[in-house]
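The values are calculated or read from the model by the stated rules, or taken from the named source; none is laboratory data. Not measured: the values here are computed from a predicted model. Note that each Cβ is placed from the backbone with ideal geometry, even for glycine, and that neighbours are counted across all protein chains shown. To get the accessible areas, we keep the full protein, side chains included, count just its heavy atoms, and leave off ligands, DNA and RNA. Shrake-Rupley method; radii C 1.70, N 1.55, O 1.52, S 1.80 Å.
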Amino acid sequence: MKIKSLWFEFDEWENGFDESDANTDVHFELDDGTKWCASFYTYQNVLTLSQKNKKTGECLSGEYFYAHKPIFISRISKELIVSVLEDIILTESELSSVFTRIPPSFT
């Protein structure tokens, strides 16, 4: 399967971002017509979120971090994200174990 279209959440951000310390969602459509969502977090962003949570009291004051089906990467960039998506699509037999499927009626 091949990626037919992509939407990057960070394209919507007006103030830019630190590619080594961010998280973002990506929606994509495959050539079979199925649509999926993936959440990407940089390794540094998990540490930053933990430090923030220690201050705010969230997640038992930073004792844990939770995200639904996160994919961890070294930096947020279109090129890296596309490479990761293509690699997972090529090697993973059950895409729903990694990505969240977007129902046809949702789009």
| query | Can you tell me which residues in region 42-62 are surrounded by 15 or more Cβ atoms within 10 Å (Cβ to Cβ), within 21 Å of Ile88 (Cβ to Cβ) and among the hydroxyl-bearing types (Ser, Thr, Tyr)? | reply | Thr42
| field | Residue match in region 97-104 (condition: aromatic (Phe, Trp, Tyr) and open to solvent by 90 Å² or more (accessible area, probe 1.4 Å)) | value | no
| message | Out of everything in region 84-96 that is open to solvent by less than 40 Å² (accessible area, probe 1.4 Å) and either under 18 Å from Phe8 (Cα atoms) or at pLDDT below 95 (or both), what residue ends up being farthest from the chain's Cα centre (by Cα)? | response | Ile89
| Residue tally, condition within 16 Å of Cys37 (Cα to Cα) and among the aromatic types (Phe, Trp, Tyr), over region 51-107 | 3
| field | Selected residue [open to solvent by 30 Å² or more (accessible area, probe 1.4 Å) and touching a Lys or Arg at 6+ places or on another chain (Cβ under 8 Å)] from Asp25, Asp11, Asp31 | value | Asp31
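Which residue is most open to solvent (accessible area, probe 1.4 Å), if the candidates are limited to region 63-83 and must be farther than 18 Å from Phe17 by Cβ and out of contact with any Lys or Arg (no Cβ under 9 Å at 6 or more places or on another chain)? Explain how you work it out, then say what you get.
Restricting attention to region 63-83, the residues satisfying the condition of being farther than 18 Å from Phe17 by Cβ are 63-66, 68-69, 83.
This time we only want the ones that are out of contact with any Lys or Arg (no Cβ under 9 Å at 6 or more places or on another chain), so: 64-66, 68-69, 83.
Numbers: Tyr64: 112, Phe65: 70, Tyr66: 158, His68: 106, Lys69: 62, Ser83: 66 Å².
This residue is Tyr66.
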